[in-house]
Amino acid sequence: MKNKSQLFPPQASDEKIRSLSPEKLLDYLQSGKNGLSEQDAEERLAFYGLNTIHERRRNPLLKFLSYFWGPIAWMIETAAVLSAFVHNYEDLDIILVLLVFNAVVGFWQEYQAGNAIDQLKKQLALKARVRRDGDWREIPAERLAPGDIVRLRLGDVVPADIVLLSGDYLSIDQSALTGESLPVDKGAGDLVYSGSIAKQGEMSGVVVATGSHSFFGKTAQLVGSVKTVSHFQKAVLTIGDYLIFMSMALVAVLVLVGLERHLPFMDLLQFALILTVASIPVAMPAVLSVTMAVGAMSLSKLKAIVSRLESIEELAGMDILCSDKTGTLTQNKLSLGDSAMFNGADEKTLILTAALAAETENPDAIDSAILHKLGDAKALAGYHQTDFIPFDPIHKRTEAKIQADDGSNFRVSKGAPQVVLDLCNPNPAQRREAEEVVDGFAVKGYRALGVARTDQEGRWQFLGILSLFDPPREDARQTIDKARSQGIAIKMVTGDNLAIAKQIAGQLGLGQTIIPADQIGSSKDQEDVAAVARCAERADGFAQVFPEHKYRLVKSLQADHHFVGMTGDGVNDAPALKQADVGIAVSGATDAARAAADLVLTAPGLSVITHAIEEARRIFERMNAYAIYRITETIRIMLFMVLAILVYNVYPITAVMIILLALLNDLPILTIAKDNTRLPSAPVRWDMGRVLTVATVLGIVGVIETFLLLIVAKNHFHIEMAQLQTIIFLKLAVAGHLTLFVARSRHFFLLRPYPAPLLLITIIATQLVAVLIAHYGWNVAPISWEYIGMIWAYCLFWVFIEDALKLTVYRRLEHSTPRHRHFLSGLRKSMHFHSKNHN
């Protein structure tokens, strides 16, 4: 007995379908025109599986627990263990809350992103008309099997990949799958895709692929296979690694020196543990998440809904936007363009005649465009259709018999220009002229439509040719110009042919370097990847694009270190939307596109994107400022503590003061999400070299100024150790928040934009608390108001030095010092001179 793999063939691929005639395809599928028997269908379902999309699901509890495993989680958990070890239960509670908060936020984001396949499933047809045991019946679409004979008609969602066998024709809207802006006419032997919609006609066909083997299913698999690593997570890990390894090294030095100097072991261990806890950036993921969450609320007011918080940071760094054409750059509806008139007809008569040859009660896209252009519905009131023959792929034209109120009768027709010309039998010169018009429209990417009517003798007269096109959105060109001014390259992506793509690109000012999508080949080695990326970078757009092309396009650009945005609205866009650094579902997008996207626009037009980019860049600047500040403060406290112990063999501040400093420094930081920032004019992204360099310089300056204060207070004012510790504590508290003013801007810190009122009020409040603690001696030795005033004056003097050094570092890093500018200017002149001589 044969096993099942021998009983049933593999589901038919596109290559197999193209290589077989409909009759041989039925033989290959072991089926016939009467369909399958119920028993055969059940056996096939057992072998092939249900006509659904399958994906692996992780246990939600295990998924949630996974957020307690990883480098950042380990750092926070280590801090919790150390806090418990030294019986610091207040700190332990705060750390545990932060740990759970981070896990809940991460779990919710992944849960939201994981809905993409569920939304794709909703696009599948729920019912299908199938022939089983020779009888037609309606069954759930998931029960279809390869070899089933099904019937499709107006309004049906195609339930599987089907090769059409019999019937006149079928007009299929597959724009959500392939991006084509117009319905496609299909006939016997043609393949129609699962998830597309029947707009006109009725045909029967055989199921050739179901579930994940269908075109629709492969798209869903692409979505499920997309794995992206957040740049935000990489940045947090880099900062965390830098701080934790530096802290561990300094603590190791502290412990070794303490042991060598015979300091009390338990006191030394407790101090080292508390110092480590204070240095670990336990609040960093939470602060950055809150900053992005507050930013997401701001974006929602701009009609842009964020489904993944990390995408805000990636939106700020986006430098390439791959924009879907149909429904995104264009209106996804046909409009009439230029017209060419013949035989003395005027444009008004030409459009009226075309409208009389349209189906007014159930107009298709072409009829709707004509009726819209006609404008005045009363123009048709004096005419009545007595008979109407709809368009079909065989005759390629519509025809209607018209009776006018004046008693005259005539016929009208519209359709393919060549067919309508043949109907009218024009002279050679007129035919040649008409063909030239059609060719001219084709070059522009327009679809041509011939129009004719009969005269009083019943002879057909050719009246002219209408052009049809999908017009650009009104705000598209303005949006493209705005995006370019923001440093973003726009690349159009469309399923339409090259001519249409070039025409739309010209209207939008995108450029004419449009290449067929099949040039985005699959890359097998690093050189291939680089070649594909260079090809993609040079192009202004891509035509004849399928979902796998979009997916490869995004991956190719990402391989060349670009942050790629992708807009779209259809099922076909879902894989690329999920793979992109920023997937943007435009207004009116399908559920599948919205679920796969990082940003969902709820208002029409692309101008929302440019506003969202501006807001995202402001959000990023706040996160960047916090990262610099947090690293700076850790370096200041850790390095100063170790240096003071090495030089003077004393603890310059107590363990309680370390905890107080951590709380006083972190509380105002939570309000940085509301801070005012400059708007960068170009994409911004994490430059960890710059962040760590600026923070390290500011940190070392802080160590110098604090150590100088320690020397002066100890050796010249001979202040006792308890009060000296309070002085150092207050100095670190005051300087810390003044450093935040320095870190929050790449420019002089007293220039606009000024700190937000909420941030300023919080800093003033915490500074007031620090002053009261120092003066009244809450868990510290009290100091006088005179000392407090001197500390404030000292810190205000140093903040200008810090800011000057910050500006110097930025100029050096950005090669903008006068010496660099002079060198680069000379280099350009030299290259220009050699170039002229060479030419």
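The values are calculated or read from the model by the stated rules, or taken from the named source; none is laboratory data. Nothing here was measured: the structure is a model prediction, and the numbers come from that model. Note: ideal-geometry Cβ built from the backbone for every residue, glycine included; neighbour counts use all protein chains shown.
For this structure, a couple of remarks:
- The range 421-476, subset β-branched (Val, Ile, Thr) and part of a strand (DSSP E or B), residue nearest to the chain's Cα centre (by Cα): 465
- Only a single criterion out of (1) at pLDDT below 75; (2) surrounded by fewer than 20 Cβ atoms within 10 Å (Cβ to Cβ); (3) in contact with a helix residue (DSSP H, G or I) (Cβ under 9 Å, 6 or more places away or on another chain) is not satisfied by residue 482, namely (1).
- Residue count for the range 746-800, restricted to those that are in contact with an Asp or Glu (Cβ under 7 Å, 6 or more places away or on another chain) and part of a helix (DSSP H, G or I): 2
- First in the range 677-689 and among the hydrophobic types (A, V, I, L, M, F, W, C), second anywhere and surrounded by 13 or more Cβ atoms within 10 Å (Cβ to Cβ) and assigned to a loop (DSSP other than H, G, I, E, B), Cβ under 6 Å, 6 or more apart: 682/487
- Among residues of the range 679-717 being over 29 Å from residue 644 (Cβ atoms) and among the charged types (D, E, K, R), the one that is surrounded by the fewest Cβ atoms within 10 Å (Cβ to Cβ) is 687.
- Members of the range 240-270 that are at pLDDT below 80 and over 30 Å from residue 693 (Cβ atoms): 263, 264, 265, 266, 267, 268, 269, 270
- Within the range 568-579, not a single residue is surrounded by fewer than 24 Cβ atoms within 10 Å (Cβ to Cβ) and modelled with pLDDT of 75 or more.
- Any chance residue 608 is of a type in the set (Val, Ile, Thr), under 11 Å from the mean Cα position of the chain (by Cα) and at pLDDT 75 or above: no
- For the residues 389, 351, 394, the requirement of being at pLDDT 90 or above and not small (Gly, Ala, Ser) singles out 351.
- Evaluation of residue 663 against (1) closer than 27 Å to residue 809 by Cβ; (2) out of contact with any Phe, Trp or Tyr (no Cβ under 6 Å at 6 or more places or on another chain) (one fails), failing number: (1)
- Exclusive hit being over 43 Å from the mean Cα position of the chain (by Cα) and either charged (D, E, K, R) or over 30 Å from residue 168 (Cα atoms) (or both), set 411, 397: 411
- Test: residue in the range 605-624 that is of a type outside the set (A, V, I, L, M), part of a loop (DSSP other than H, G, I, E, B) and either in contact (Cβ under 8 Å) with a residue 60 or more places away in the chain or under 30 Å from residue 251 (Cα atoms) (or both): yes
- Residue ID - nearest to residue 508 (Cα to Cα), chosen from residues in the range 420-471 that are of a type in the set (D, E, K, R) and in contact with a strand residue (DSSP E or B) (Cβ under 7 Å, 6 or more places away or on another chain): 470
- Residue in the range 369-377 that is surrounded by fewer than 16 Cβ atoms within 10 Å (Cβ to Cβ), in contact with a strand residue (DSSP E or B) (Cβ under 8 Å, 6 or more places away or on another chain) and touching a residue at least 24 places away in the same chain (Cβ under 8 Å) present: yes
- Applying the condition of being in contact with a Lys or Arg (Cβ under 9 Å, 6 or more places away or on another chain) and of a type in the set (Gly, Ala, Ser) to the range 443-474 and asking which residue is farthest from residue 417 (Cα to Cα) yields 458.
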